[in-house]
Amino acid sequence: MALSWRSWITNEGGKHIILVMWLGANTWMFWRTFILYYSGPQYYYLHKMLGLGLCISRASASVLNLNCSLVLLPMCRSLLTCLRGSHKVMSRKGRRLLDKSKTFHVACGVAICVFSVVHVSAHLTNALSFSLRYSEEFPSLNMAHHRGEDPRIIILTTVPGVTGVLLVLILFLMFTASSYCIRVSSYEIFWYTHNLFIVFYIVLLVHVIGGALKYQTNVEAHPPGCFRPNRTVPESRLRPQPEQESVPPGSERPAGRNGFDTVCREEARFQAHFPETWLWVSGPLCLYCAERLYRYVRSSTPVTIVSVISHPCDVIEVRMVKKNFKARPGQYVVLNCPSVSSFEGHPFTLTVCPTVKKATFGIHLRVLGDWTECFRELLLPDPSADSEILPIVQQRRYPKLYVDGPFGSPSEEVFSYEVSLCVAGGIGVTPFASVLNALLDEWQQYKLRRLYFIWICRELQAFYWFADLLCALHQKLWQDNRPDYLNIQLYLSKAEGLQNISEERYRALSSRLMIGRPRWKLLFEEIGKANKHKRVGVFCCGPKGISKTLHKLCNTSHFGTTFEYNKESFS
């Protein structure tokens, strides 16, 4: 189908504007700093010694300062949740941009890695230049102790050198452990290495106080290249000067750079810069630390586990109670169980939110990996009779469990549209379970007037996780004379023989169960035709293949209907 520019601007416009602004800020910082160190009179003698290595190392450092400050902001989850919940402060377009916070965090992280390579390469060149171009004229400008000193000694015996090596090692560990394969196969490695950011920032703040590069403080009394009558003029200065080197456009060459235009009134004096990294990083770092302190205090009280229910397909449901805990449908929490791991926390979407009538809240989690396996063994030490279809409630004394949150997610916006399409793949149904529970309590209070619910599973028994909820909501809407409010479509992607939900009480679902996968193009055409010239919110939580297909279809034309794409993230 043809691309709809209106839909494309709605779905892609905001994030591309942010991307251009971010790239522009990085480019401007790099170029401005490069020109300053290339042609600034206060850096004349340092540039003469180090050449382009000076300009590139400082320009890349300015980009690193920018991104090391920005990379922390998307991780201030409580702040983002507060902004997302403030509908009067932020419009729906603004709140949708918050969904890209993780992408922005990754972009800043990649920029830090790339420009760290540039920065390190330039400083390795600088170390070599300090050794080969040792200045007898200005000893205080040198990092080397004598001409020809081993550059490795310069690096390993100075504060900037040692801390730089540590920063490279930490960054290497964080970057490699952030790869998708490691996050999926061993989340613990990713979690522990990523928390090395605390050490990274401490070492970074020490790194910048080394004062390796110095600028001239008395440019007016000692113009760069001025004539010093009390010193012997080198033979090279008496020869005719070659043609001047080119200067980048927009910059100026200092007076007296190639001759005896002026006489020095005093000797050149040099000193190290005040570390600018402190100014860049201190604000975001203090904000992030304050947020982490707030989260620590908020999550310091353990929750009371009310019940644990074993569901088919290695899924368990945990119902909890916590004093003064409030959450909105679609939000998620981070669980920490000290009996499994003292420091590790894992995010899980709320499937049941606390209400005025009922204080309990709950999650559904699939047992996949070491942490969830140990957690299930603590909750259900004897998980027998798992072959039964109906859930089994087991009461016992449970381990301590701490809950951090709630935090915002794209699924909160389901109620911001008159028409919403929710697509779930397997356990990705959890964000929408809390939405369905909220509709079951009181659907009339929301702006939402029609909900298309698509759920795709590989195993038939997976539908029993929320079969009772779907049937109860379906029955309530029929009683309220709104049978068209909820459109349920269930798809069994891998069927072996004839399968169906045979129980009588689930008859409403059996008629909506289909074998195979949805025909997405026809589905979008049907929704577009039924909701012409409206805005439809599309929400997806599932495999990347489904997500990419929906994203592409949301940017195409469907009877004048605009589909706004929102995606949950598993990782």
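Here are a few things to note about the model shown:
- Close pairs (6 angstrom Cβ cut-off, 6 or more residues apart or separate chains): in contact (Cβ under 8 Å) with a residue 40 or more places away in the chain in the range 366-381, part of a helix (DSSP H, G or I) and surrounded by 15 or more Cβ atoms within 10 Å (Cβ to Cβ) anywhere: ARG366/ILE427; VAL367/ARG376
- Filter pass, GLU568 being in contact with a Ser or Thr (Cβ under 8 Å, 6 or more places away or on another chain), acidic (Asp, Glu) and open to solvent by less than 60 Å² (accessible area, probe 1.4 Å): yes
- Filtering the range 351-362 to residues that are surrounded by fewer than 19 Cβ atoms within 10 Å (Cβ to Cβ) and under 24 Å from PHE463 (Cβ atoms) leaves only THR360.
- Among residues of the range 261-275, those that are modelled with pLDDT under 85 and either surrounded by 15 or more Cβ atoms within 10 Å (Cβ to Cβ) or of a type in the set (D, E, K, R) (or both), counted: 7
- Residue within the range 126-135 that is more than 14 Å from LEU50 (Cα to Cα), open to solvent by 20 Å² or more (accessible area, probe 1.4 Å), in a helix (DSSP H, G or I) and of a type outside the set (D, E, K, R) present: no
- Counting only residues that are among the charged types (D, E, K, R), out of contact with any Leu (no Cβ under 8 Å at 6 or more places or on another chain) and closer than 22 Å to SER131 by Cα, the range 8-58 holds 1 of them.
- Restricting the range 71-120 to residues that are among the polar types (S, T, N, Q) and open to solvent by less than 60 Å² (accessible area, probe 1.4 Å), the residue that is farthest from the chain's Cα centre (by Cα): SER86
- Selected residue (only one of PRO391, PRO347, PRO410 is at pLDDT below 85 and not basic (Lys, Arg)): PRO391
- Residue within the range 138-151 that is surrounded by 14 or more Cβ atoms within 10 Å (Cβ to Cβ), farther than 20 Å from LEU52 by Cα and without any contact (Cβ under 8 Å) to a residue 12 or more places away in the chain present: no
- Condition met for TRP520 (open to solvent by 60 Å² or more (accessible area, probe 1.4 Å) and among the hydrophobic types (A, V, I, L, M, F, W, C)): no
- Every residue from the range 480-504 that is open to solvent by 30 Å² or more (accessible area, probe 1.4 Å) and at pLDDT 90 or above: ASN487
- Selection within the range 276-299: residues that are among the hydroxyl-bearing types (Ser, Thr, Tyr) and open to solvent by 40 Å² or more (accessible area, probe 1.4 Å). The member of this set that is farthest from LYS214 (Cα to Cα) is TYR296.
- In the range 1-50, counting only helices (runs of 4 or more DSSP H) that sit wholly within it, the ones holding 2 or more residues that are closer than 26 Å to LYS214 by Cα, open to solvent by less than 30 Å² (accessible area, probe 1.4 Å) and not basic (Lys, Arg) span 14-39, 44-50.
- For the range 11-54, a residue qualifies if it is within 23 Å of the chain's Cα centre (by Cα) and within 20 Å of SER69 (Cβ to Cβ), and the qualifying residues are ILE18, LEU19, VAL20, MET21, TRP22, LEU23, GLY24, ALA25, ASN26, THR27, MET29.
- Matching residues, the range 152-168, being open to solvent by 40 Å² or more (accessible area, probe 1.4 Å) and either of a type outside the set (Lys, Arg) or modelled with pLDDT under 85 (or both): ILE153, ILE155, LEU156, THR157, VAL159, VAL162, VAL165, LEU166, VAL168
- Residue list for the range 102-151, restricted to those being under 30 Å from ARG77 (Cβ atoms) and touching a Pro at 6+ places or on another chain (Cβ under 6 Å): PHE104, HIS105
- Of all the residues in the range 537-564, those that are over 17 Å from TYR491 (Cα atoms), free of Cβ contacts under 8 Å to residues at least 40 places away in the same chain, of a type outside the set (D, E, K, R) and part of a helix (DSSP H, G or I) number 0.
Residue by residue, here is whether (1) assigned to a strand (DSSP E or B); (2) open to solvent by 20 Å² or more (accessible area, probe 1.4 Å); (3) within 18 Å of TYR398 (Cβ to Cβ) holds:
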{"residue": "PRO302", "(1), (2), (3)": "no, yes, yes"}
{"residue": "VAL308", "(1), (2), (3)": "yes, no, yes"}
{"residue": "VAL318", "(1), (2), (3)": "yes, no, yes"}
{"residue": "GLY330", "(1), (2), (3)": "no, no, no"}
{"residue": "VAL333", "(1), (2), (3)": "yes, no, yes"}
{"residue": "VAL340", "(1), (2), (3)": "no, yes, yes"}
{"residue": "THR349", "(1), (2), (3)": "yes, yes, no"}
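- Put simply, of ALA467, ALA508, ALA530 the only residue that is farther than 21 Å from PHE415 by Cα and open to solvent by 10 Å² or more (accessible area, probe 1.4 Å) is ALA508.
- Selected residue [buried (at least 23 other Cβ atoms within 10 Å of the Cβ), more than 22 Å from THR103 (Cβ to Cβ), within 25 Å of the chain's Cα centre (by Cα) and small (Gly, Ala, Ser)] from SER420, SER434, SER409: SER434
- Residue in the range 91-100 that is modelled with pLDDT under 90 and in contact with a His (Cβ under 9 Å, 6 or more places away or on another chain) present: yes
- Of all residues in the range 439-464 being in a helix (DSSP H, G or I) and open to solvent by less than 10 Å² (accessible area, probe 1.4 Å), the one that is farthest from LEU509 (Cα to Cα): LEU439
- Segments classed as helices (runs of 4 or more DSSP H), wholly inside the range 169-231, with at least 3 members that are modelled with pLDDT under 90, out of contact with any helix residue (DSSP H, G or I) (no Cβ under 7 Å at 6 or more places or on another chain) and open to solvent by less than 40 Å² (accessible area, probe 1.4 Å): none
The values are calculated or read from the model by the stated rules, or taken from the named source; none is laboratory data. This structure is a prediction, so every number in the text was calculated from the model and none was measured. Heads up, the Cβs are rebuilt from the backbone with ideal geometry, glycines too, and the neighbour counts pull from every protein chain shown. Just the protein is used for accessible areas: all its heavy atoms, side chains included, with ligands, DNA and RNA removed. Shrake-Rupley method; radii C 1.70, N 1.55, O 1.52, S 1.80 Å.
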